[in-house]
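J.: The following block contains the structure, expressed as structure tokens.
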Amino acid sequence: MKRGFLALVLLPLAAAAQDWPQFRGNPPMTGAAANAPQPPLKQVWSWGGAEGIDSSPAIAGGAVYFGTQEGELVSLDFETGKLRWKYKANEGIGESSPAVSGGLVFVGDLAGVVHAVRAADGKGVWTFKTG
């Protein structure tokens, strides 16, 4: 069910053809796309991974980023839906939505660790344990 939800969430964003680099899209967190697509909408692709997804995706630079319950940060090609890379955190990512800035993808895991990962290749740059 959650995997189907991801595809439906991406559909309006794909039609808008703009970056959505963080939860609710922009720093003011309005959740509104500047160029909202018009119906009818059609599904372009879906991702069939085995992991559950609880977070909202981020879209930037031609890629889609989201975390899984099993602790993977996943990057898919925006146009095709093909896997670009996976980064393994030590804990599940849960509802932590990724944010993209300066060539890095930031996401927190359920153990309170923030991960900074290179958007280009999924290599970890640094981690920070909160609390």
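No lab work stands behind these numbers, since they all come straight from the coordinates. Everything quoted here is computed from the prediction, not taken from an experiment. When we count neighbours, we look across all protein chains shown, and the Cβ atoms used for this are built from the backbone with ideal geometry, even at glycine.
J.: Give the long-range amide H neighbours of residue 72: residues separated by 5 or more places, or on another chain, with amide H under 5 Å away, using H modelled in the peptide plane at 1.01 Å from N.
T.: 89, 93
J.: Using Cα positions and a limit of under 21 Å, work out the lysines in reach of residue 42, with same-chain residues fewer than 8 apart set aside.
T.: Straight-distance partners of residue 42: 2, 82.
J.: Show me 39-45, 99-105 ranked by packing, highest mean number of other Cβ atoms within 10 Å first.
T.: 99-105, 39-45
J.: Sticking with this structure for a sec: Can you return the aspartates and glutamates within cross-link range of residue 86? Criterion is Cα-Cα under 14 Å, with same-chain partners fewer than 8 residues away left out.
T.: Candidates past the 8-residue exclusion: 51, 70, 72, 77, 121.
J.: Mind jotting down the three principal axis lengths of the range 55-94 based on Cα atoms? Whole angstrom, largest first.
T.: Reported extents, whole Å, longest axis first: 29, 17, 13.
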